[in-house]
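Written out below as structure tokens is the structure these notes cover.
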Amino acid sequence: MGTTLIRRRQALAMIAAAPLVAAPFVRRAAAAEFSLKIAHPLAAAHPTNTRLLEAADRIQKDTDGRVELRIFPNGQLGGEADTLSQLRSGAVEGYVIGGLVVSTVVPAAALDGTGFAFADASKVWPAMDGKLGAYIRDAFAKSNLYAARTSWDLGFREITTSVKPIRTVADLSGLKIRVPSAAAYTSLFRALDAAPTSVQFTDVYPALQTRIVDAQENPLSLIVTSRFHEVQKFCSLSNHIWQGNWVLFNGRVWKGIPEKLQDIVENRLNQAGRAQRADLAGLEQSYRDTMIKSGIAFNDVDADSFRAKLRSSGYYTEVRRKFGDQAFQILEEAAGASFG
């Protein structure tokens with residue numbers, strides 16, 4: 001028998017005789033019982049995305065891994081209309097989006113987006129945390145969409161242009177301005193004599209850069225985090241629409257989650273939403289500073305000229321007809337103003 005073979009057998013015998021040593025135990029995270037894709041169109045740097053990620057982490061811990069929220073920013077899962085369709089079918093379980101976009105299927109979702117409804121932020125949160133928000137959430141539920149109780153802030157929408165500042169409503173006449181793919185935006189700017197053009201959010205930057213449109217309107221947070229200020233020259237502080245975002249779930253998917261887990265998800269999202277509101281308020285000045293450094297010129301607008309135009313064009317009359325007297329009265333009470 002060769003020396004090599006003898007040594008091999010001796011080694012095998014020693015291994016067999018040696019006491020067993022337990023292999024290290026590696027704990028593997030069990031697959032989530034409920035894995036929910038949550039889409040939104042905002043940049044990864046936006047406070048909304050930051051707070052969603054924070055909420056997702058806390059929800060996973062609080063539910064012992066049973067619920068997983070997978071956050072997809074930047075319109076990764078599709079444009080606004082496409083993602084809304086996916087939400088309704090359940091292909092995407094959740095969508096964080098403004099009511100005006102959802103108003104294509106839930107008309108009442110556009111109620112808080114009525115042009116020049118809120119004079120300032122002091123009117124917004126009592127309305128959205130009160131009767132107005134409850135009315136809109138109920139409308140979502142009737143369309144098989146579940147909305148978390150706390151709406152998130154996106155801010156007042158302002159007008160930026162590459163051609164001229166907008167100071168009075170006359171300056172909007174014929175202006176090619178990008179608006180989201182929702183009738184509520186189009187009807188507002190048509191009533192103001194502009195030339196609104198629907199462009200998917202992910203295509204806005206190149207549309208501005210190539211002058212397909214000369215202007216766009218968005219809150220300062222989106223203008224900066226999506227870098228629209230790089231291809232614009234003027235920012236007119238019109239505050240023409242306040243916009244929040246709703247955290248929406250497919251109704252069937254939501255009902256399939258046990259109530260105890262629903263409460264955890266709801267509570268953590270509401271906490272995150274309130275924190276996000278504070279984030280955005282604290283960042284408002286820094287957004288302005290960033291835009292000024294890039295060469296953007298700011299100006300105020302004559303809001304009364306816009307409201308007068310909307311009244312004379314029949315815009316508010318049409319809003320009342322569309323939503324009904326009850327809803328319109330809730331809006332007027334919330335805004336502390338009469339639009340008749």
Using only the Cα atoms of region 92-144, what do you get for the radius of gyration and for Dmax, in Å?
11.6, 35
With the cut-off at 1.5 for a/c, could you classify region 245-340 from its C-alpha gyration tensor as rounded, prolate or oblate?
oblate
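Can you tell me the dipole magnitude for region 209-269 around its Cα centre, using point charges on the Cβ only (Lys, Arg +1; Asp, Glu -1), in Debye to the nearest 20?
Numbers: 7 positive and 6 negative charges, 30 e Å.
Approximately 140 debye in magnitude.
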Segment Thr317-Ala141, extension gain: residue separation times 0.36 nm, minus the distance between their alpha carbons:
60.7 nm
Hey, if we sort Glu332, Glu68, Glu158 by accessible area with the 1.4 Å probe, largest down, what's the order?
Glu68, Glu332, Glu158
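Based on the alpha-carbon set only, what is the convex hull volume of region 234-292 divided per residue, in Å³?
On the way: hull volume 6.4 nm³, N = 59.
Spelled out: Cα convex hull of region 234-292, divided by residues, is 109 Å³.
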Using only the alpha carbons of the chain, determine the length spanned along each of the three principal axes and report them from longest to shortest in whole angstroms.
107, 45, 33
Could you report the accessible area of Ser338 in Å², rounded to 10, computed with a 1.4 Å probe on the protein chains as they sit in the structure?
80 Å²
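Skip the ligands, DNA and RNA, and give the accessible area per residue of the chain with a 1.4 Å probe, whole Å².
Values: 15720 Å² over 340 residues.
That works out to 46 Å² per residue.
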Could you check the simple spin-label distance between Lys123 and Glu284, using points 7 Å along Cα→Cβ, in nm with one decimal?
1.5 nm
Lys, Arg +1 and Asp, Glu -1 on Cβ, resulting dipole of region 75-207 about Cα centre, debye, nearest 20:
220 debye
Of Thr63, Thr168, Leu154, farthest towards positive along the dipole that unit charges on Lys, Arg, Asp, Glu beta carbons give the chain:
Thr63
Alpha carbon centroid spacing (whole Å) that separates region 184-209 from region 47-61:
31 Å
Extreme residue, positive dipole direction of the chain, given options Trp242, Phe72, Val213 (C-beta unit charges)
Phe72
Ignoring ligands, DNA and RNA, what percent of the 1.4 Å accessible area of region 177-247 is carbon and sulfur?
48 percent
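What helices does the chain hold that run 30 Å or longer along their axis, going by alpha-carbon atoms, with a Kyte-Doolittle average of -1.0 or more, using DSSP H for the helix calls?
On the way: long enough: 259-293 (49 Å, -0.97).
TM-like helix candidates: 259-293.
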Looking at the chain, what % of its DSSP beta bridges pair antiparallel, to the nearest 5?
55 percent
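Taking the Cα centre of the chain as origin, work out the dipole magnitude from +1 charges on Lys and Arg Cβ and -1 charges on Asp and Glu Cβ, in debye rounded to 20.
Details: 40 positive and 34 negative charges, 259 e Å.
Using only the charged Cβ atoms, the result is roughly 1240 debye.
The values are calculated or read from the model by the stated rules, or taken from the named source; none is laboratory data. Here the structure is a predicted model, which means the values were calculated and not measured. Because the Cβ atoms are built from the backbone with ideal geometry, glycine has one as well, and the counts that use them run over all protein chains shown. With ligands, DNA and RNA removed, areas are computed over all heavy atoms of the protein, side chains included. Shrake-Rupley method; radii C 1.70, N 1.55, O 1.52, S 1.80 Å.
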